[in-house]
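The values are calculated or read from the model by the stated rules, or taken from the named source; none is laboratory data. Small disclaimer: the values here were computed from a predicted structure and weren't measured. A quick note on method: Cβ atoms are made from the backbone with ideal geometry, for glycine too, and the neighbour counts reach across all protein chains shown. Keep in mind that these areas ignore ligands, DNA and RNA; they rest on the heavy atoms of the full protein, side chains included. Shrake-Rupley method; radii C 1.70, N 1.55, O 1.52, S 1.80 Å.
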Amino acid sequence: MKQKKLIIFMPSIEGGGVEKNLFLVSDYLSNKIDKVCLITASKKYKKKFNKKIELILPEFNFWDKLSRKMKYFVCLLLLLKQIVKNKNILVLCFQANIYCTILCKIFNRKIIVRSNSSPSGWSNNFFKNTIFRYILQKADQVLVNSLEFKKQLKKKFNVNAECIYNPLNKDEVIKKSKKKSLKIFSNQNRLKIINVGRFVDQKDQLTMLRALNLLSKKIDFEAVLVGSGILKESLINYVKKNKINNKVKFINFTQNPYPLIDQSDLLILSSKYEGLPNVLLEALALKKFVISSKCPTGPKEILLNGKGGLLFKVGDYAELKEKISYYLDNKKICKSMLNNAINKLGRFDYNTNLEKYLFTVKRFI
């Protein structure tokens, strides 16, 4: 039988952790499979992809500036065109999973859905739960990036997902961390704290800032928040209002945050929910200690349920404050915890997990 054409579907590329996985998986698969194409409305990222990948893009550039939902709409039309034109296709969906699955099943096309973040973030009412339960069960395969995530989908939607961890290329992270970069900390004797992520409700940097505000007169620290997003102004206002702007600063999103992470002592993740946060893996690859919320899903798995880093309850800034203090007072114990986490990073190996993607895709083509 003629090999199916693989269509990777990612309407809106925005430069976060999902996108890092998209680039890695797409390029790897394009070197192993003859016909791979990508449907996206985000033209500005087209140079990130292997030249072997056929890019299917909207005709006009203005789509790149529109909302995510508008990009969904135009890319679903582009996908529909491919579905009608070619019966012999397999869709690997990274975004707009429900819409994409409905479209594929109407026309009896195979689809693999990759779900990126815990249902805690997107299944918050009965109607939505019912739709997700029904539609996700129709996909030919659902992929998730943590074992806890897999359990959640089974419990909540009765979906038997396959877990493939995010592929971590430690050598590449370390190599990129050596590139020249802005010096973000002014005093090497202070505790150097970093947070990297979009300034949106999911990432909940306000909890981190509240903890730092409680500590501002007790310990000597500098904190840098790296990112962009709709909540940036309100976070800056909180820092100014509480007069901690001499200890906290903001830096715009960068494609290569590794030199910035490498300058820090401690990375804090304060998210309300995740899938499997790449930034924790990258911080550990750079031998940086991690304090994270116990959000669903991923951090507990990466940090060995508290044996590879410190965990605090989502939104509990008082507990986060205590964890930061614990780190300062127990450096030897924390060093041992860090080594535990680093020694277990093999689970996320780049080649091992990309081979799992290839094996899954080949089952359907």
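Is it the case that segment 155-167 has a residue that's part of a strand (DSSP E or B), over 28 Å from Y327 (Cβ atoms) and open to solvent by 10 Å² or more (accessible area, probe 1.4 Å)?
Checking segment 155-167: at least one residue is part of a strand (DSSP E or B), over 28 Å from Y327 (Cβ atoms) and open to solvent by 10 Å² or more (accessible area, probe 1.4 Å).
Could you list, in sequence order, all residues of segment 61-96 that are within 17 Å of E14 (Cα to Cα), in contact (Cβ under 8 Å) with a residue 24 or more places away in the chain and of a type in the set (S, T, N, Q)?
The answer is Q95, and nothing else.
Looking only at segment 85-105, how many residues end up being outside any helix (DSSP H, G or I) and either open to solvent by 30 Å² or more (accessible area, probe 1.4 Å) or under 12 Å from I7 (Cα atoms) (or both)?
9
Residues are listed down the side, and each one gets a yes or a no for (1) buried (at least 16 other Cβ atoms within 10 Å of the Cβ); (2) of a type in the set (D, E, K, R); (3) in contact with a Phe, Trp or Tyr (Cβ under 7 Å, 6 or more places away or on another chain); (4) not in a strand (DSSP E or B):
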residue	(1), (2), (3), (4)
Y45	yes, no, no, yes
K71	yes, yes, yes, yes
L80	no, no, no, yes
I83	yes, no, yes, yes
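For Y357, are the conditions met, namely being touching a Pro at 6+ places or on another chain (Cβ under 7 Å) and hydroxyl-bearing (S, T, Y)?
no
Cβ-Cβ below 7 Å, separation at least six or inter-chain, first residue in segment 277-294 and over 20 Å from L209 (Cβ atoms), second in a strand (DSSP E or B) and open to solvent by 10 Å² or more (accessible area, probe 1.4 Å): which pairs?
Partner pairs satisfying both residue conditions: L281/L168; A285/L168.
Being surrounded by fewer than 21 Cβ atoms within 10 Å (Cβ to Cβ) and either among the aliphatic types (A, V, I, L, M) or at positive phi (or both): is that true of I194 here?
Against the criterion (surrounded by fewer than 21 Cβ atoms within 10 Å (Cβ to Cβ) and either among the aliphatic types (A, V, I, L, M) or at positive phi (or both)), I194 does not qualify.
Can you name every residue in segment 271-325 that is in a loop (DSSP other than H, G, I, E, B), closer than 18 Å to Q205 by Cβ, open to solvent by 10 Å² or more (accessible area, probe 1.4 Å) and of a type in the set (A, V, I, L, M, F, W, C)?
If the condition is that a residue be in a loop (DSSP other than H, G, I, E, B), closer than 18 Å to Q205 by Cβ, open to solvent by 10 Å² or more (accessible area, probe 1.4 Å) and of a type in the set (A, V, I, L, M, F, W, C), then V314 is the only one that fits.
Considering only segment 344-361, state which residues are surrounded by 15 or more Cβ atoms within 10 Å (Cβ to Cβ) and without any contact (Cβ under 8 Å) to a residue 40 or more places away in the chain.
Result: E355, single match.
What residue, among those in segment 226-267 that are of a type in the set (S, T, N, Q) and in a helix (DSSP H, G or I), is least open to solvent (accessible area, probe 1.4 Å)?
S234
I219: modelled with pLDDT under 95 and within 21 Å of K335 (Cβ to Cβ), yes or no?
When the stated conditions are applied, I219 passes them.
Check I33 against each of (1) touching a helix residue (DSSP H, G or I) at 6+ places or on another chain (Cβ under 6 Å); (2) open to solvent by less than 10 Å² (accessible area, probe 1.4 Å); (3) under 23 Å from R109 (Cα atoms) and name the one condition it does not meet.
For I33, the exception is condition (1).
So N108 fits all but one of (1) of a type outside the set (F, W, Y); (2) out of contact with any helix residue (DSSP H, G or I) (no Cβ under 8 Å at 6 or more places or on another chain); (3) open to solvent by 20 Å² or more (accessible area, probe 1.4 Å); (4) not in a loop (DSSP other than H, G, I, E, B); what number is the exception?
Failing condition for N108: (4).
For segment 17-30, which residues satisfy the criterion of being among the small types (G, A, S), within 20 Å of the chain's Cα centre (by Cα) and open to solvent by less than 20 Å² (accessible area, probe 1.4 Å)?
S26
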